[in-house]
1. How many of the residues in the stretch 49-108 are open to solvent by 20 Å² or more (accessible area, probe 1.4 Å), in contact with a Leu (Cβ under 8 Å, 6 or more places away or on another chain) and of a type outside the set (A, V, I, L, M, F, W, C)?
2. Scanning for something open to solvent by less than 40 Å² (accessible area, probe 1.4 Å), over 27 Å from residue 148 (Cα atoms) and of a type outside the set (Asp, Glu), does the stretch 17-37 turn up at least one residue?
3. What about residue 56, is it of a type in the set (Ser, Thr, Tyr), under 18 Å from the mean Cα position of the chain (by Cα) and under 26 Å from residue 84 (Cβ atoms)?
4. Do you know which residues across the stretch 72-107 are of a type in the set (Gly, Ala, Ser) and in contact (Cβ under 8 Å) with a residue 60 or more places away in the chain?
5. Going through the stretch 111-124 one residue at a time, which ones are over 15 Å from residue 2 (Cβ atoms) and surrounded by 15 or more Cβ atoms within 10 Å (Cβ to Cβ)?
Amino acid sequence: MPSDVEWIYSLVAEIAGLIQSLGADEAPIHGDANCSNVALNRKDNSALLLDFDWASKADPLQDVGSALLEFGLTEYQGREVFELFWGSFEEGLYCRARLYAAAEAVRGALLGVWLDRVDPGMQEYSKFADWMFLRARVALSAYVTDDHLRRVK
C-alpha cells in the first residue's frame, strides 16, 4: 500500500459520509462502467455497456462517475461527458458524479492491490494499482474537488 493511503482513505470516507447524508435514489446500475466495458457501434457511434458482473441497485451517478474517470479527464471534458451520459447538466449532480469518480479510482487501486496479492506473478495488477492510486491522488487533490464537496447534491 502507498505511504499516503491513510490520507486517501480519509478523503474517501469524507466523500462517502457526505453522499450518504444527502441520500440518493437507487436504480439498476452497471457498476463497472469503464472503457474496457464499452463497445462502440461504428455505424451510429452509439455505446453499449458490456460485462454486468458488478451490476447492482445503487445511485445511478456511480456509473456516471466511472465514465467521468475514464472519459472526462479535465473539468471541461467532464462536464461534456456528464451531459452526454446524464442527458442534461446540473451542477450539484455533476459534483456528486465527480466525487464518485475519485472513489472509483480508489476502488480500482484496491482491486489491483488485492489481485496482485492473489496472483503476485502478474506485474499487470501491480501496475494497475499504481496507476489507479495516481489517478485517485490527482482527483482527490485537485483544486476543484473542494468545490465539488461544497456544491454536491
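The values are calculated or read from the model by the stated rules, or taken from the named source; none is laboratory data. Owing to the predicted nature of the structure, the values given are computational and were not obtained by experimental measurement. A quick note on method: Cβ atoms are made from the backbone with ideal geometry, for glycine too, and the neighbour counts reach across all protein chains shown. For accessibility, only protein heavy atoms count, side chains too; no ligands or nucleic acids. Shrake-Rupley method; radii C 1.70, N 1.55, O 1.52, S 1.80 Å.
1. Of the residues in the stretch 49-108, 3 are open to solvent by 20 Å² or more (accessible area, probe 1.4 Å), in contact with a Leu (Cβ under 8 Å, 6 or more places away or on another chain) and of a type outside the set (A, V, I, L, M, F, W, C).
2. No.
3. It is true that residue 56 is of a type in the set (Ser, Thr, Tyr), under 18 Å from the mean Cα position of the chain (by Cα) and under 26 Å from residue 84 (Cβ atoms).
4. Selection gives 92, 102, 103.
5. 115, the sole residue that qualifies.
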